[in-house]
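Below is one structure, written out as structure tokens; comments come after it.
Only the coordinates and a few stated rules stand behind these numbers; no lab work does. The structure presented is a predicted model; accordingly, all values stated were derived computationally and were not measured. Glycine also receives a Cβ, built like all others from the backbone with ideal geometry; neighbour counts cover every protein chain displayed.
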Amino acid sequence: MELQLHSSTEKLNVADTVFGAAFNEPLVHQVVTAYLAGGRAGTAKQKTKAEVSGGGRKPWKQKGTGQARAGSIRSPLWRGGGKTHAAVPRDHSQKVNRKMYRGALRSIVSELNRQGTLLVTDSFAVSGPKTKGLLEKLAAFGTQDILIVTDVLEPNLYLSARNLPHVNVIDVEAINPVALLSFDKVLLTAPAVKLLESWLS
């Protein structure tokens, strides 16, 4: 199949298996969920009754005081006591094998192409680290909510986009399912398309 280059009559030949794959929604959902879960810190920690300090002896005798029975001042019922069902550090990551991950990326890229939100340009660069210059170039694409993917991350382009909340610049190695689905449009340079095609083929 062919991808139309933006503002040009030229077309880029690409593999149908990468840019024309069927959309597999359950697979995409599983991979996106796993990707987001992998970003969770999982460092929440609370102390149980066994971990808080103090409470080594019974605060008063079992009978005769008129008080309710108590075995420790660090009971979860007491102020300063341990936490019932305390949170402990845990690993939230989910296993997704390489074949599934790449299959999900192929599915996402193909669906973006079908919807017309995947744009391809010969090259994309700015002369200096100026946000104004980048905005002028993005005006030609009709959006300021865009993910720009290049074959090599250019410092000037990255610095120009850093201050824009709805613009992100990454290289092909940093492509992930969440980034592809988080913007109105995805812009790839021609060299990035070829790198992505060789990676996902």
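Looking only at the stretch 68-83, which residues are without any contact (Cβ under 8 Å) to a residue 12 or more places away in the chain and of a type outside the set (A, V, I, L, M, F, W, C)?
Answer for the stretch 68-83, where residues must be without any contact (Cβ under 8 Å) to a residue 12 or more places away in the chain and of a type outside the set (A, V, I, L, M, F, W, C): Arg69, Arg79.
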* Structure fact -> The condition from (1) farther than 30 Å from Leu3 by Cα; (2) within 30 Å of the chain's Cα centre (by Cα); (3) surrounded by 12 or more Cβ atoms within 10 Å (Cβ to Cβ); (4) of a type in the set (Lys, Arg) that Lys47 misses is numbered (2)
* Structure fact -> The correct count of residues that are under 18 Å from the mean Cα position of the chain (by Cα), surrounded by fewer than 15 Cβ atoms within 10 Å (Cβ to Cβ) and not charged (D, E, K, R) in the stretch 152-181 is 5
* **Identity of the residue in the stretch 23-39, in a loop (DSSP other than H, G, I, E, B) and either without any contact (Cβ under 8 Å) to a residue 12 or more places away in the chain or in contact with an Asp or Glu (Cβ under 9 Å, 6 or more places away or on another chain) (or both), that ends up farthest from Glu111 (Cα to Cα)** => Gly39
* Filter the stretch 6-23 for residues that are over 15 Å from Leu180 (Cα atoms) and surrounded by 17 or more Cβ atoms within 10 Å (Cβ to Cβ); which is farthest from the chain's Cα centre (by Cα)? -> Leu12
* Structure fact -> In the set Val88, Val149, Val120, Val109, the lone residue that is free of Cβ contacts under 8 Å to residues at least 60 places away in the same chain and buried (at least 19 other Cβ atoms within 10 Å of the Cβ) is Val149
